[in-house]
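Here is the structure we will look at.
The values are calculated or read from the model by the stated rules, or taken from the named source; none is laboratory data. Note that the coordinates shown come from a computational prediction; the quantities given were computed from them, not determined experimentally. A quick note on method: Cβ atoms are made from the backbone with ideal geometry, for glycine too, and the neighbour counts reach across all protein chains shown.
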Amino acid sequence: MNSFKRIVFLVGVLLFVFSGIVFAQEDAEGCKDHPMFTRMPNFYINNCRVKDFDQAEFVDEKGNEIKVEGKYHWLEYYIKEGHRAPSELAIMRNYENAIKKIGGVVVKESGGIAYLKLTKEGKTFWAIVFPRGNGTYYELTVVEKAEMAQEVVADAKSLMSDIQATGHASIYGIYFDFNKADIKPESESAIKEIAKLLHQNKGFKLYVVGHTDNVGKLDYNMLYSLSDKKGHGSAERRT
């Protein structure tokens with residue numbers, strides 16, 4: 001009888017261990033493939049990170065490190081038990097060929113890592129494919145280049161404090177489309193705070209400096225014509 005109990009117990013333990021292995025081969029909770037790529041066959045997602053805004057380091061054609069900001073995806077894939085792992089080169093080549101088929105390019109291969117880029121329909125995606133462990137697992141990073149949605153704006157009180165302390169104040173949260181001087185609707189909160197400041201201090205005589213953005217090279221952004229138009233656009237909205 002005792003022997004029978006031990007056998008039943010042993011079978012139960014083996015079933016528990018086996019079920020744990022099977023469970024471990026499933027995708028991590030909340031993780032899924034990036035829409036731009038399928039995964040290598042017989043791999044599962046062990047871990048992932050998705051951020052509305054973050055940055056990753058990439059390498060350009062000349063081998064220079066660049067930081068790209070925007071919608072961030074990081075995925076870690078592992079080979080399933082009982083399946084033969086592909087070579088690290090095969091993993092890289094699969095992703096390189098995949099991005100070429102949709103109009104992308106292989107920017108650089110460096111140190112066993114592939115750097116990819118796709119520009120399509122006004123959007124730019126950068127990707128890193130990093131195979132490891134002789135092809136038993138690999139990391140995929142994808143960043144859709146974009147500006148951060150500014151959620152914090154200066155209020156009238158802090159603007160006044162800056163003006164009193166330094167004679168000027170920098171105002172964030174005023175948005176323009178690239179190469180245009182029209183203020184975008186999402187600038188409303190910041191504009192209201194400027195209006196509040198001027199209403200509370202009607203004797204103020206302020207000089208509105210033209211706004212620039214973080215798109216394009218510095219020399220272009222500093223051109224007086226566009227900067228001046230943006231400054232006037234801000235002044236018109238707050239009056």
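See the values below:
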item	result
Of all residues in the range 140-158 being of a type outside the set (Lys, Arg) and modelled with pLDDT of 85 or more, the one that is nearest to Asn46 (Cα to Cα)	Leu140
Residue within the range 135-146 that is in contact with a Leu (Cβ under 9 Å, 6 or more places away or on another chain) and under 17 Å from Ile66 (Cβ atoms) present	yes
Selection from the range 102-132 of residues that are out of contact with any Lys or Arg (no Cβ under 9 Å at 6 or more places or on another chain), touching a residue at least 40 places away in the same chain (Cβ under 8 Å) and either loosely packed, with under 14 Cβ neighbours inside 10 Å or hydroxyl-bearing (Ser, Thr, Tyr) (or both)	Ser110
Filter pass, Ala98 being modelled with pLDDT of 95 or more and crowded, with 19+ Cβ neighbours inside 10 Å	no
Selection status of Ala165, modelled with pLDDT of 75 or more, under 22 Å from Tyr72 (Cα atoms) and surrounded by fewer than 16 Cβ atoms within 10 Å (Cβ to Cβ)	no
Single condition Ile171 does not satisfy, out of (1) buried (at least 18 other Cβ atoms within 10 Å of the Cβ); (2) hydrophobic (A, V, I, L, M, F, W, C); (3) farther than 30 Å from Gln200 by Cβ	(3)
Residues that are free of Cβ contacts under 8 Å to residues at least 12 places away in the same chain and charged (D, E, K, R), drawn from the range 133-159	Glu151, Lys157
Identity of the residue in the range 73-89, closer than 20 Å to Asn46 by Cα and hydrophobic (A, V, I, L, M, F, W, C), that ends up surrounded by the most Cβ atoms within 10 Å (Cβ to Cβ)	Leu75
Meets criteria (in a helix (DSSP H, G or I), modelled with pLDDT under 95, surrounded by 10 or more Cβ atoms within 10 Å (Cβ to Cβ) and among the hydroxyl-bearing types (Ser, Thr, Tyr)) for Ser3	no
